[in-house]
Amino acid sequence: MADILDGKGSPRVPQGHVLAGLKLAGLFERAAGIILGDFHQGNNDLSEAVYHALRYHLPPRRPVPIIRLTNFGHIYPIAPLPLHRPVTLRRTSRRGGKPGVKIEIPWGKWK
């Protein structure tokens with residue numbers, strides 16, 4: 001799917017209309033960064049295609065960091081991620097020198 005392009009050059013993925021809607025709503029212009037989780041359709045891994053579609057929709061004049069995690073998503077592992085609240089992302093090192101990310105969520109501060 002990553003090789004199939006729509007008429008405007010954006011990779012065609014099922015999530016493409018959502019990304020276009022977020023762009024039109026101006027959310028990417030205000031984003032400090034993006035956490036991109038795991039995208040699958042059945043057994044097909046769409047994460048790479050969604051990443052490229054997302055990059056197509058990001059503001060061209062401002063770099064927006066994207067963190068891709070394979071163990072992160074809205075239902076993985078059935079843990080909520082707060083929206084419109086500050087969280088801290090810390091870069092970590094894993095075995096073999098691969099970078100990782102630790103998400104610190106200050107739940108106690110939001111009572």
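The values are calculated or read from the model by the stated rules, or taken from the named source; none is laboratory data. These figures come from a predicted structure and were not determined experimentally. Neighbour counts are summed over all protein chains in view; Cβ atoms, including those assigned to glycine, are modelled from backbone coordinates with ideal geometry.
Residue-by-condition table, conditions (1) touching a Gly at 6+ places or on another chain (Cβ under 9 Å); (2) modelled with pLDDT under 85; (3) not aromatic (Phe, Trp, Tyr):
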{"position": "Leu58", "(1), (2), (3)": "no, no, yes"}
{"position": "Arg68", "(1), (2), (3)": "yes, yes, yes"}
{"position": "Asn71", "(1), (2), (3)": "yes, yes, yes"}
{"position": "Tyr76", "(1), (2), (3)": "yes, yes, no"}
{"position": "Thr92", "(1), (2), (3)": "yes, yes, yes"}
{"position": "Gly97", "(1), (2), (3)": "no, yes, yes"}
{"position": "Gly100", "(1), (2), (3)": "no, yes, yes"}
{"position": "Ile103", "(1), (2), (3)": "no, yes, yes"}
{"position": "Pro106", "(1), (2), (3)": "no, no, yes"}
Tally time: how many residues in the range 22-75 are polar (S, T, N, Q) and either surrounded by 17 or more Cβ atoms within 10 Å (Cβ to Cβ) or within 28 Å of Thr92 (Cβ to Cβ) (or both)?
3
Enumeration of residues in the range 82-111 that are hydrophobic (A, V, I, L, M, F, W, C) and either within 21 Å of Ile66 (Cβ to Cβ) or in a loop (DSSP other than H, G, I, E, B) (or both):
Leu83, Val87, Leu89, Val101, Ile103, Ile105, Trp110
